[in-house]
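Structure first, then comments.
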Amino acid sequence: MKKIFSLLLAILMLAACTAFADANDMAGSYKATKMSENGQDISDQLEMLDAFGMSIYLTVNEDSTAELMMMGEKMPLVLDFNAGTAKSTEDGSEIPFSYKTGEITITNEGSTIVFTPIDASEVNSETPDFSALLTDALGEAFGEPVYIDPDSYSLKDETVIDNEKCTFIIEEVEDNGTEVIFKVFCENKTDKNLLFSVDNVIVNGYVSDPFWASTVAAGKKAKESFSFNKGDLSEYGLLPIDELSFILRVSDDDDWMAEPVVESRFTVYPNGKKDVVPPERLTTPTEKVIADTDDFSFIMLDETTDIFGHAYRAYLENKTDKNLMFSWDNVSVNGFMNDPYWGYTLPAHSRAYTGISFYNLEEIGIKDPSQIEEIEFKLTVSDADDWAANNLMEQVFTYTPVK
């Protein structure tokens, strides 16, 4: 996923065309349908984005203007057919692309993305409702919410930050039996639209992301909330929530390159109980320890399924005071290359359960997960904030699923 977003960032500063086409030839709507990285086809990542309503569109007009769009964000362009380039009207950047047999191809530093024609009615200009998408996806994967007797929480009106630019207060914590809901107050004291979000969230020592963000217009206030599914927390022994740690990020919603107004880690104790000890990790009969060092642990737990298909559940632990990046590369299944494009950034002194999904196994002849005999991968563990630092591990392993 990191690769695709790196490419998309480049695309959002781009555009293009060739001297062999004109606006009349190209006019119409297009959708990104193919992508490759250094010659390797990774179009399945576009399919994953499509599933979440995050398709990439390009519209070319007869007056030589164009518009690139993703997730409701639009980049206006002006085409120069003589030079075979297109220029962003926002920052003046240029990049070439080619047009042939109805397809527009953009190439950038070894990455290629191909747009194919679609009907204008197929272009989705709406920003995806990520909360609804996640709710639907989780409901499909895990069924109806689980009801667990509510816990009571004593936290009231805890000010996380209050400065000349913004205020963020956790007003109360509510447990309705299926979710633990943190109700918050946000205030924007600036003349810019601000995006409030909580990131790298840790519950009782384990990562558990509520995927919450909210835009507050300049000079306005908002009542918002983020929540945690009790069924998920209960499975891993994380109820009640005694400790919640998170990075509060407040940034300019219209300028992603601007320095954040706030970007700091905060910790709150919903019941006033401190010195919380993380629960012991989940153990399974099929688990296999891949690596267990003084700095980190990586353990394969069991097979499962998720919204993408067949997956493996793993346990990660970061024992250092640095954020660590775990990733798999050069992955093969039964000797055939089949990359799940998996990576995970784990905050300092935290733990996590993660799924490693294989969603195109049929392409290598595997129609049933029972046919998987071995998975080979290079596990790399590195400092997530210092790419120049020596890796903590870079080693090839072979995992044999327990039947």
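Below is a table of values for the structure above.
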{"item": "Subset of the range 361-371 [surrounded by fewer than 16 Cβ atoms within 10 Å (Cβ to Cβ), part of a loop (DSSP other than H, G, I, E, B) and on the phi < 0 side of the Ramachandran plot]", "result": "LYS367, ASP368"}
{"item": "Residue list for the range 345-369, restricted to those being of a type in the set (S, T, N, Q) and modelled with pLDDT of 90 or more", "result": "THR345, SER350, THR354, SER357"}
{"item": "Complete set of residues in the range 159-168 that are farther than 15 Å from LYS220 by Cα and surrounded by 17 or more Cβ atoms within 10 Å (Cβ to Cβ)", "result": "VAL160"}
{"item": "Residue in the range 172-179 that is at negative phi and surrounded by fewer than 15 Cβ atoms within 10 Å (Cβ to Cβ) present", "result": "yes"}
{"item": "ALA213, sole failed condition from (1) outside any strand (DSSP E or B); (2) in contact with a Leu (Cβ under 9 Å, 6 or more places away or on another chain); (3) among the aliphatic types (A, V, I, L, M)", "result": "(1)"}
{"item": "Those residues of the range 262-299 which are surrounded by fewer than 16 Cβ atoms within 10 Å (Cβ to Cβ) and aromatic (Phe, Trp, Tyr), in sequence order", "result": "none"}
{"item": "Members of the range 89-105 that are modelled with pLDDT of 75 or more and either surrounded by 18 or more Cβ atoms within 10 Å (Cβ to Cβ) or among the acidic types (Asp, Glu) (or both)", "result": "TYR99, GLU103, ILE104"}
{"item": "Residue within the range 356-366 that is in contact with a Ser or Thr (Cβ under 7 Å, 6 or more places away or on another chain), without any contact (Cβ under 8 Å) to a residue 60 or more places away in the chain and of a type in the set (Ser, Thr, Tyr) present", "result": "no"}
{"item": "Number of positions in the range 61-88 that are modelled with pLDDT of 75 or more, hydrophobic (A, V, I, L, M, F, W, C) and under 26 Å from ASP44 (Cβ atoms)", "result": "4"}
{"item": "Condition met for ASN391 (at positive phi and either in a loop (DSSP other than H, G, I, E, B) or not assigned by TED's automatic domain parsing to the domain that holds SER264 (or both))", "result": "no"}
{"item": "Those strands (runs of 3 or more DSSP E) lying entirely in the range 248-326 with at least 3 residues modelled with pLDDT of 95 or more and in contact with a Ser or Thr (Cβ under 6 Å, 6 or more places away or on another chain)", "result": "309-318"}
{"item": "Unmet criterion (only one of (1) closer than 25 Å to ASP191 by Cβ; (2) under 22 Å from the mean Cα position of the chain (by Cα)) for LYS220", "result": "(2)"}
{"item": "Some residue of the range 359-366 being of a type outside the set (Phe, Trp, Tyr) and touching a Leu at 6+ places or on another chain (Cβ under 8 Å)", "result": "no"}
{"item": "Residue tally, condition farther than 27 Å from SER234 by Cβ and assigned to a strand (DSSP E or B), over the range 327-355", "result": "10"}
{"item": "Test: residue in the range 220-243 that is touching a Cys at 6+ places or on another chain (Cβ under 7 Å) and not charged (D, E, K, R)", "result": "yes"}
{"item": "Residue match in the range 183-204 (condition: touching a Pro at 6+ places or on another chain (Cβ under 9 Å), assigned by TED's automatic domain parsing to the domain that holds ASP151, over 28 Å from SER382 (Cβ atoms) and assigned to a strand (DSSP E or B))", "result": "no"}
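So that you can scan it fast, the table gives a plain yes or no per residue for (1) without any contact (Cβ under 8 Å) to a residue 60 or more places away in the chain; (2) exposed (fewer than 15 other Cβ atoms within 10 Å of the Cβ):
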position	(1), (2)
ASP151	no, no
ASP157	yes, yes
LYS189	yes, no
ASN193	no, no
GLY205	no, no
ASP209	yes, no
SER214	yes, no
ALA218	yes, yes
GLY231	no, no
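The values are calculated or read from the model by the stated rules, or taken from the named source; none is laboratory data. Quantities reported herein were computed from a predicted structural model and do not represent experimental measurements. In this analysis, Cβ positions are derived from the backbone assuming ideal geometry, glycine residues included, and neighbour counts consider all displayed protein chains.
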